[in-house]
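Undergrad: One structure coming up, written as C-alpha cells, with questions to follow.
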Amino acid sequence: LMIAVYIAMRRRERRVDREKAEAKSYFFSTVSHDIRTPLNAIIGFSEMLKTGFPTDAEREQAVDSIISSGKTLLGLVNDILDLSKIEAGTLEFVYTNIDLNKMMKELEDSIRMRMKEGVALRFVPELPQCFIHTERNRLSQVIINLLTNASKFTFEGEVKFGYEVRDNELYFYVSDTGCGIDEEHLPHIFERFVKVNTFAQGTGLGLAISYNIVKKMGGEIGVTSEKGVGTTF
C-alpha cells in the first residue's frame, strides 16, 4: 500500500512539474514574441528616421510609434521583474498616508489617453474626502493593471472605477462594458502565465501580479463577468 501511495505521489509530482514546464515554455515563447514586435518597430522606424521622411507628419508618426513601442517594452520588463521579485519574496511595500481621491483622479487622467474613441472613463468617489494609510505605489499598480485590461477589451460604452466603504474595509472596483470573459476562464484568470486572449498585447502577468500584491496587503481580489456584457474586478 505504501509503495502504491508513493508511486501515485510521484506521478502527481511529475504531472505538476510537466504542467509548470509547459506553462513556462508558453510564457517564454509569448514574451519573446511580445518583445520582438516593439523592438522591430523601434529599429525599423529609427532606421527610417536616418534616411528622412517626405513629410513632417510621417516623421512625427514614426517618433510616436517609437515612443509607444518603448513604453510597451518597459511594461513587459517591469512585469517580468515584478514576477521575479514576487517569487523571491523581495517585492517592496512602503506604507504612507495618502489622499485617495487625489490618487485615483491622477490615475484617471493618466489612463484616459489609452481609451478607445467612443469609450468613456469615469472615476466615482464615494466620499468627498478619503485619507488612508496604504502602499500607494502597489495600490496604484493594481488599479492601473485593471484599468489597462478594461481599456483593451472595451470597444464601446464606458470603464468605471472607484471605491466603496463596506464596514471597516474599502472595496475597490473597475467595471467595464467590454466583451466579457468566458465562464470557463474565470477560475484561472489570476494564474501566472495565463492569457485569456492570445491576440491581446502583453505577457498575461498583470492579473497574477495584482493578485499577489492584493494578498500581500491583506486584501482579497475577485472577478464577475458576463460574455458580451462586461466585467467587474
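The values are calculated or read from the model by the stated rules, or taken from the named source; none is laboratory data. Values in this document were obtained by computation on a predicted structure and should not be read as measured data. For neighbour counting, all protein chains shown are included, and Cβ atoms are generated from backbone atoms with ideal geometry for every residue, glycine included. Note: accessible area is taken over every heavy atom of the protein model, side chains too, but ligands, DNA and RNA are not part of it. Shrake-Rupley method; radii C 1.70, N 1.55, O 1.52, S 1.80 Å.
Undergrad: Looking for whichever is more than 22 Å from N212 (Cβ to Cβ) and at pLDDT below 75 here; the options are L1, L49, L73. Which one fits?
TA: On the way: L49 fails: at pLDDT below 75; L73 fails: at pLDDT below 75.
Being more than 22 Å from N212 (Cβ to Cβ) and at pLDDT below 75 holds for just one of L1, L49, L73, which is L1.
Undergrad: Moving to a separate point now. Inside the range 163-178, can you point out the residues that are touching a Phe, Trp or Tyr at 6+ places or on another chain (Cβ under 6 Å), open to solvent by less than 50 Å² (accessible area, probe 1.4 Å) and not hydroxyl-bearing (S, T, Y)? Even if it seems obvious, please write down each step before you answer.
TA: In the first step, residues of the range 163-178 are kept if they are touching a Phe, Trp or Tyr at 6+ places or on another chain (Cβ under 6 Å); the result is 163-164, 170, 172, 174, 178.
Filter again for open to solvent by less than 50 Å² (accessible area, probe 1.4 Å), leaving 163, 174, 178.
Scanning the range 163-178 gives V174, G178.
Undergrad: I've got another one for you. Just the residues that are assigned to a helix (DSSP H, G or I), out of contact with any Pro (no Cβ under 9 Å at 6 or more places or on another chain) and open to solvent by 60 Å² or more (accessible area, probe 1.4 Å), please, taken from the range 85-107. Before the answer, list the steps.
TA: So in the range 85-107, the residues assigned to a helix (DSSP H, G or I) come out as 85-88, 100-107.
In the following step, the residues that additionally are out of contact with any Pro (no Cβ under 9 Å at 6 or more places or on another chain) were identified as 85-88, 102-103, 106-107.
Across the range 85-107, the qualifying residues are K85, E87, A88, K102, E106.
Undergrad: Which condition breaks for I80 when tested against (1) closer than 28 Å to Y163 by Cβ; (2) touching a residue at least 24 places away in the same chain (Cβ under 8 Å); (3) open to solvent by 30 Å² or more (accessible area, probe 1.4 Å)?
TA: Here I80 meets the rest and fails (1).
Undergrad: Anything in the range 157-185 that is outside any strand (DSSP E or B), under 24 Å from D34 (Cβ atoms) and touching a strand residue (DSSP E or B) at 6+ places or on another chain (Cβ under 7 Å)? List them, or say none.
TA: G178, G180, I181
Undergrad: Let me ask something else. Collect the residues in the range 54-65 that are open to solvent by 40 Å² or more (accessible area, probe 1.4 Å), hydrophobic (A, V, I, L, M, F, W, C) and touching a helix residue (DSSP H, G or I) at 6+ places or on another chain (Cβ under 9 Å), keeping them in residue-number order. Let's see the steps before the verdict.
TA: Of the residues in the range 54-65, the ones open to solvent by 40 Å² or more (accessible area, probe 1.4 Å) are 54-61, 63-64.
Of the ones still in play, those that are also hydrophobic (A, V, I, L, M, F, W, C) are 57, 63.
The answer is V63, and nothing else.
Undergrad: Being farther than 13 Å from V119 by Cβ and more than 15 Å from the chain's Cα centre (by Cα) is the requirement here; does L170 meet it? Can you show your working first?
TA: Details: farther than 13 Å from V119 by Cβ: yes; more than 15 Å from the chain's Cα centre (by Cα): yes.
When the stated conditions are applied, L170 passes them.
Undergrad: Out of curiosity, is L73 surrounded by 12 or more Cβ atoms within 10 Å (Cβ to Cβ) and in contact with a helix residue (DSSP H, G or I) (Cβ under 8 Å, 6 or more places away or on another chain)? Spell out the reasoning first.
TA: Numbers: surrounded by 12 or more Cβ atoms within 10 Å (Cβ to Cβ): yes; in contact with a helix residue (DSSP H, G or I) (Cβ under 8 Å, 6 or more places away or on another chain): yes.
So L73 passes the test.
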